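Colleague: Okay, here's the structure, questions in a sec.
The values are calculated or read from the model by the stated rules, or taken from the named source; none is laboratory data. Note that the structure is a prediction, hence the values are computed from the model and not measured. Cβ placement follows ideal geometry from the backbone for every residue including glycine, while neighbour counts extend to all protein chains displayed.
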Amino acid sequence: MSHSRRTFLKTLGAATAALAAPEQKAHAGAPRKTHLLTLSFDDGFRKSFTRTAEIFEKYKLSACLNVLAAGSPAPEYVNEYTRNSPWGDFKLWNELQRRGHEIMPHGYRHENLTQMPLEQAKELVNKCLDVFSNELEGFDPKKAVFNFPYNASTPELERWLPTRVRAFRTGHTAINPLPHKGQVKLTCTSFGPGSAEAALDREIERLLARESGWLIFNTHGLDGEGWGPIRSSYLERLLERLLAIETVEIIPAGRALETYTS
Ligand SMILES: [Zn+2]
């Protein structure tokens with residue numbers, strides 16, 4: 001290495017450290033990353049969610065798993081992507097939570113809350129949160145992220161949700177600002193019904209091309225299960241690839257809000 005290049009790197013290193021210092025104070029204990037990724041797994045398929053948790057554990061990561069309060073969906077959501085998949089239950093969700101994964105609400109029975117009167121939609125959200133409070137160990141709605149079924153929300157519901165939960169996830173662009181106080185609306189994209197891998201790769205490229213950001217990508221099952229599946233082998237390679245990038249943190253949504261704003 002030439003002298004000038006070494007000097008440049010040394011200077012760059014010092015500059016980066018100086019810039020990072022105040023941020024690190026805000027995020028006590030762990031270094032603060034500039035590129036956050038939440039792989040937000042929806043629905044609660046027993047087989048895929050168990051396997052997803054195992055894969056995240058292999059890399060000492062926590063999975064972000066969003067499940068239905070009633071355990072299985074309303075008839076409208078029984079389709080070719082969900083029909084043949086056994087659903088998990090709170091016995092499994094509590095076990096996965098004890099192993100370090102994040103379990104969050106994804107509706108009572110996966111109802112589209114935009115296609116009913118507001119009061120009925122609120123009742124279903126409340127019913128969902130009541131089940132979580134009763135069934136999921138230590139569940140606190142004030143720390144929860146409510147993940148809208150179908151990523152479908154209305155302005156009225158978006159205004160009301162923060163009175164019940166810490167934040168909500170709905171559909172829009174995938175890259176959010178880094179977690180900050182007062183952030184209640186998280187947006188994501190998804191892809192289906194075929195493999196979501198190429199769409200996820202594209203979003204990750206977009207994230208890495210930016211100075212900073214928080215990518216929330218909504219995915220479902222593994223190895224052919226659910227709408228827009230990814231392969232478990234792809235997930236392993238993806239996590240390996242991203243763990244090698246210094247600025248990236250793979251983190252569940254609720255934990256990102258909690259740790260990055262405390
Ligand atoms: Zn869903």
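Colleague: Has region 102-120 got at least one residue that is among the basic types (Lys, Arg), within 14 Å of the ligand (Cβ to nearest atom) and modelled with pLDDT of 95 or more?
Modeller: Among the residues of region 102-120, at least one is among the basic types (Lys, Arg), within 14 Å of the ligand (Cβ to nearest atom) and modelled with pLDDT of 95 or more, which makes the answer yes.
Colleague: Which residue pairs have Cβ atoms under 9 Å apart, sit 6 or more places apart or on different chains, and have a first residue in region 225-236 that is farther than 15 Å from Ala199 by Cβ and a second that is assigned to a strand (DSSP E or B) and within 13 Å of the ligand (Cβ to nearest atom)?
Modeller: Hits for this filter: Glu225/Phe45.
Colleague: In this structure, is Ser133 in contact with a Ser or Thr (Cβ under 8 Å, 6 or more places away or on another chain) and among the polar types (S, T, N, Q)?
Modeller: No.
Colleague: Here is a further query. Please tell me if Ser48 is part of a helix (DSSP H, G or I), crowded, with 22+ Cβ neighbours inside 10 Å and within 14 Å of the ligand (Cβ to nearest atom).
Modeller: yes
Colleague: Of the residues that make up region 84-94, is at least one under 16 Å from the mean Cα position of the chain (by Cα) and either at pLDDT 95 or above or crowded, with 18+ Cβ neighbours inside 10 Å (or both)?
Modeller: Yes, there is a match, as at least one residue in region 84-94 is under 16 Å from the mean Cα position of the chain (by Cα) and either at pLDDT 95 or above or crowded, with 18+ Cβ neighbours inside 10 Å (or both).
Colleague: Then there's this: For Tyr77, state whether it is of a type in the set (Phe, Trp, Tyr) and within 14 Å of the ligand (Cβ to nearest atom).
Modeller: For Tyr77, the condition - of a type in the set (Phe, Trp, Tyr) and within 14 Å of the ligand (Cβ to nearest atom) - is met.
Colleague: Only one of Ser133, Ser153, Ser190, Ser195 is touching a Gly at 6+ places or on another chain (Cβ under 9 Å), within 23 Å of Gly71 (Cα to Cα) and surrounded by fewer than 21 Cβ atoms within 10 Å (Cβ to Cβ). Can you tell me which?
Modeller: The unique qualifying residue is Ser190.
Colleague: Going residue by residue through region 81-95, is there one that turns out to be more than 14 Å from the ligand (Cβ to nearest atom), out of contact with any strand residue (DSSP E or B) (no Cβ under 8 Å at 6 or more places or on another chain), of a type in the set (Ser, Thr, Tyr) and in a loop (DSSP other than H, G, I, E, B)?
Modeller: Among the residues of region 81-95, not one is more than 14 Å from the ligand (Cβ to nearest atom), out of contact with any strand residue (DSSP E or B) (no Cβ under 8 Å at 6 or more places or on another chain), of a type in the set (Ser, Thr, Tyr) and in a loop (DSSP other than H, G, I, E, B), which makes the answer no.
Colleague: Also, quick follow-up: Which residues, taken from region 95-137, are of a type in the set (Gly, Ala, Ser) and without any contact (Cβ under 8 Å) to a residue 40 or more places away in the chain?
Modeller: Ala121, Ser133
Colleague: Among the residues of region 85-119, count how many are over 15 Å from Asn66 (Cα atoms) and among the β-branched types (Val, Ile, Thr).
Modeller: Counting residues in region 85-119 that are over 15 Å from Asn66 (Cα atoms) and among the β-branched types (Val, Ile, Thr) gives 1.
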